[in-house]
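Colleague: Here it is, the structure, as C-alpha cells.
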C-alpha cells in the first residue's frame, strides 16, 4: 500500500517537474514564425475509469481526447504541436500558411489562399 502511494507521488512529482522545465525552456526560446504546410493531423484518446457519474460515457469509461498537428517547413523540417479541438476542426492536410510558435508552444496558424 505504501509503495503504491510513493509510486503515485513520484509520478506526480516527475510530471510537475517536466512541465516546469518545458515552460522554462519555452520562456527562453524566441517567438518564431515560418511558412509551413500541414502534413498530418491526429487525435490521441485516453480512456479512464470514471471519477464522477457526470463524466461517464455509454461505455462506462470517461475519456479525454488531445489533438495534434504536424507542420512541415520549406526546408523539410517537421514539428508537431498540441492544438485545441476547435483549431483541429479548421485544419486540413495540405493547408499552407504561416505558423507562429514559441519553443514547443503553438501560438497559431494563418492559412494562405
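Every read-out reported here was derived from the displayed coordinates using simple, explicitly stated rules and does not represent laboratory data. These numbers come from a predicted model, not from an experiment. Quick reminder, even Gly has a Cβ in these numbers, built from the backbone with ideal geometry, and neighbours come from all protein chains shown.
Colleague: Based on the Cβ-Cβ distance from residue 39 to residue 82, what FRET efficiency comes out when R0 is 22 Å, to the nearest 0.05? Intermediate results must be reported in sequence, preceding the final value.
Modeller: Details: r = 16 Å, r/R0 = 0.73.
According to the calculation, E is roughly 0.85.
Colleague: Report, in deg cm²/dmol and to the nearest 500, the calculated mean residue ellipticity at 222 nm for the chain, where each DSSP H run with n ≥ 4 adds -39500 (n - 2.57) and the sum is divided by the residue count.
Modeller: -9500 deg cm²/dmol
Colleague: Can you sort 44, 95 from fewest to most other Cβ atoms within 10 Å of each residue's own Cβ?
Modeller: Ordered from fewest to most neighbouring Cβ atoms within 10 Å, 44, 95 come out as 44, 95.
Colleague: Measure nothing but the geometry: give the 0 to 90° angle between the long axis through the Cα atoms of 2-28 and the longest principal axis through the Cα atoms of the chain, rounded to 10°.
Modeller: Taking Cα atoms only, the helix is inclined about 20 degrees.
Colleague: Follow-up question, since we're still on this one. Taking the Cβ of each residue in 3, 73, 37 as the centre, tally the other Cβ atoms inside 10 Å and list the residues starting with the fewest.
Modeller: 3, 73, 37
Colleague: Something else about it: Return the label of the correct value of Kirkwood radius over Cα pairs in Å, as calculated from the structure shown, out of [x] 16.2; [y] 16.7; [z] 13.9.
Modeller: Given [x] 16.2; [y] 16.7; [z] 13.9, the structure-derived one carries the label [y].
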